[in-house]
Amino acid sequence: MGDNLKMPNRSDALRVGVAGAGAFGRNHARVYRDLQADPAQNIQFIGVADLDYARAQSVAQEFGTQAFHSLDEMVAAGVQAASVAVPTVTHLEVAGKLMQSGVDVLIEKPLATSIAEADELIELSLRYGRIAQAGHLERFNPAVRATVSLLTQPMFFEVHRLSVFTPRSLDVDVILDLMIHDLDVVLAFAKSPVKEIRAVGLPILSKKIDIANVRLEFESGCVANFTASRVSTERIRKLRFFQPHQYISLDYSRQDVLVLTVDDLNPEPAEVDPFNPASTAASAFSGITPFKPKVEPQEPLRTELSSFLCAVRERSTPEVTLADGRRALSLAVQIVDAIAEHSRSAHLVELTRAES
Ligand SMILES: NC(=O)c1ccc[n+]([C@@H]2O[C@H](COP(=O)([O-])OP(=O)(O)OC[C@H]3O[C@@H](n4cnc5c(N)ncnc54)[C@H](O)[C@@H]3O)[C@@H](O)[C@H]2O)c1
């Protein structure tokens with residue numbers, strides 16, 4: 001057994017843990033530590049397990065909990081619910097083992113690296129009667145939550161998720177690493193099956209696709225353009241869309257939303273001074289009303305883990321199910337296939353191979 005730190009011992013407290021004490025598992029550990037301090041949550045953060053024991057020890061020490069050498073140790077310590085924050089290629093192995101041991105799981109995004117693995121995770125959750133949530137964090141972003149009630153008939157999305165390069169999550173490409181966040185959100189917003197996928201992507205600094213541009217057309221006629229990059233010089237996380245007489249701009253990082261509504265369809269164009277930046281399209285027409293919905297800043301991970309713990313306690317369907325995770329993964333896999341097809345038709349195959 002790992003370090004024996006003093007833990008609160010409330011018999012009815014839900015015993016939670018984290019599998020994987022890497023870059024993101026550390027965040028889960030920090031949030032569980034904070035939630036443990038809230039009596040309303042009534043949880044006991046029993047520890048973190050990592051194959052790299054030194055890493056588990058370091059995170060455990062930082063957040064006042066125990067380090068475990070293995071999942072078996074964490075299970076033996078009585079964990080009831082756990083975050084799975086190991087590399088995606090091991091989600092099935094780790095989450096599967098926990099579910100078989102009677103533990104409810106929150107599995108980080110992307111759910112798995114293949115549809116077969118996602119199906120197996122879903123099957124295991126049903127077979128062992130486990131609450132299992134997919135870790136699509138952006139659904140818990142307060143700006144996304146504030147936008148849900150504004151949706152009428154979104155017809156055109158423009159999405160950018162750009163990051164500077166870090167040698168992390170390189171076990172998957174940028175579609176599964178970054179774009180999948182937006183695929184999940186747009187699928188939830190568009191509420192229509194995807195009809196057509198056009199995509200281009202390239203490996204730049206890693207051996208997998210690092211930058212991609214995707215155009216989706218939905219059966220409803222809605223179109224969505226996505227750009228995702230993990231080799232950018234700046235960090236941008238924005239989703240913008242148009243619906244009849246309305247433009248909505250959402251900034252995931254700043255957690256804010258701007259709504260421009262055209263309430264006068266025959267406005268008198270005002271005088272526009274091209275040298276005056278204040279003379280924007282919005283101010284040029286008297287009939288456009290800007291509105292900023294109130295968004296209470298919140299850490300999405302805290303809201304996500306609270307929601308998971310609530311589903312565990314109530315034995316209710318999680319807000320983001322494994323089926324949702326599978327749906328986003330399935331689209332991501334089709335996009336990767338479309339990129340491969342485009343590379344072949346653009347004679348990029350040799351280039352891609354040469355760089356990998
Ligand atoms: N939701 C988000 O915004 C977000 C952001 C970053 C990462 N993630 C996801 O979180 C997961 C982890 O990513 P990361 O960047 O923290 O990875 P990481 O490589 O930094 O950490 C993974 C840790 O898991 C440990 N590990 C590997 N196999 C294990 C096993 N069988 N049992 C116990 N521990 C094991 C490794 O030793 C390592 O410490 C990935 O699925 C990633 O996609 C999600």
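The values are calculated or read from the model by the stated rules, or taken from the named source; none is laboratory data. Computed from a prediction, not measured in an experiment: that's the story for all the values here. Neighbour counts are summed over all protein chains in view; Cβ atoms, including those assigned to glycine, are modelled from backbone coordinates with ideal geometry. Keep in mind that these areas ignore ligands, DNA and RNA; they rest on the heavy atoms of the full protein, side chains included. Shrake-Rupley method; radii C 1.70, N 1.55, O 1.52, S 1.80 Å.
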Among the residues of segment 49-80, how many are more than 11 Å from the ligand (Cβ to nearest atom) and either surrounded by fewer than 20 Cβ atoms within 10 Å (Cβ to Cβ) or of a type outside the set (Gly, Ala, Ser) (or both)?
-> 13
Any idea which of (1) aromatic (Phe, Trp, Tyr); (2) closer than 18 Å to Leu178 by Cα; (3) open to solvent by 40 Å² or more (accessible area, probe 1.4 Å) is the one Tyr128 doesn't satisfy?
-> (2)
Hits in segment 283-300 - residues which are part of a helix (DSSP H, G or I) and either open to solvent by 40 Å² or more (accessible area, probe 1.4 Å) or in contact with a Gly (Cβ under 9 Å, 6 or more places away or on another chain) (or both) = Ser283
Expected single match for in contact (Cβ under 8 Å) with a residue 40 or more places away in the chain and farther than 28 Å from Val174 by Cα among Gly64, Gly102 is Gly64
Please identify the pairs in which a residue from segment 24-36 that is touching a residue at least 12 places away in the same chain (Cβ under 8 Å) has its Cβ atom under 6 Å from the Cβ atom of a residue that is among the charged types (D, E, K, R) and open to solvent by 10 Å² or more (accessible area, probe 1.4 Å), counting only partners at least 6 apart or on another chain.
-> Val31/Arg302
Do we find a residue being in contact (Cβ under 8 Å) with a residue 12 or more places away in the chain, buried (at least 17 other Cβ atoms within 10 Å of the Cβ) and touching a Ser or Thr at 6+ places or on another chain (Cβ under 6 Å) anywhere in segment 180-196?
-> no
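Each row is one residue, and each column tells you yes or no for (1) surrounded by fewer than 22 Cβ atoms within 10 Å (Cβ to Cβ); (2) more than 25 Å from Ala82 (Cβ to Cβ).
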site	(1), (2)
Thr113	yes, no
Ala118	no, no
Ala143	no, yes
Thr147	no, yes
Met155	yes, yes
Arg168	yes, no
Limited to segment 11-32, what total is found for residues that are within 11 Å of the ligand (Cβ to nearest atom) and open to solvent by 10 Å² or more (accessible area, probe 1.4 Å)?
-> 5
Report whether or not Asn213 is open to solvent by 40 Å² or more (accessible area, probe 1.4 Å) and of a type in the set (S, T, N, Q).
-> yes
For segment 81-109, name all the residues that are open to solvent by 20 Å² or more (accessible area, probe 1.4 Å), more than 8 Å from the ligand (Cβ to nearest atom) and not in a helix (DSSP H, G or I).
-> Ser101, Gly102
For segment 110-121, name all the residues that are near the ligand (Cβ under 10 Å from one of its atoms) and either closer than 9 Å to Ala134 by Cβ or among the charged types (D, E, K, R) (or both).
-> Pro110, Leu111
From the options His69, His91, residue that is over 27 Å from Asn42 (Cβ atoms) and in contact (Cβ under 8 Å) with a residue 60 or more places away in the chain | His69
Within segment 247-259, which residues are open to solvent by 40 Å² or more (accessible area, probe 1.4 Å) and in contact with a Ser or Thr (Cβ under 9 Å, 6 or more places away or on another chain)?
-> Tyr247, Leu258
Quick one: how many residues across segment 27-43 are touching a strand residue (DSSP E or B) at 6+ places or on another chain (Cβ under 9 Å), farther than 16 Å from Ala56 by Cα and not aliphatic (A, V, I, L, M)?
-> 3
Of all residues making up segment 161-175, the number that are modelled with pLDDT of 95 or more and closer than 16 Å to Lys207 by Cα | 2
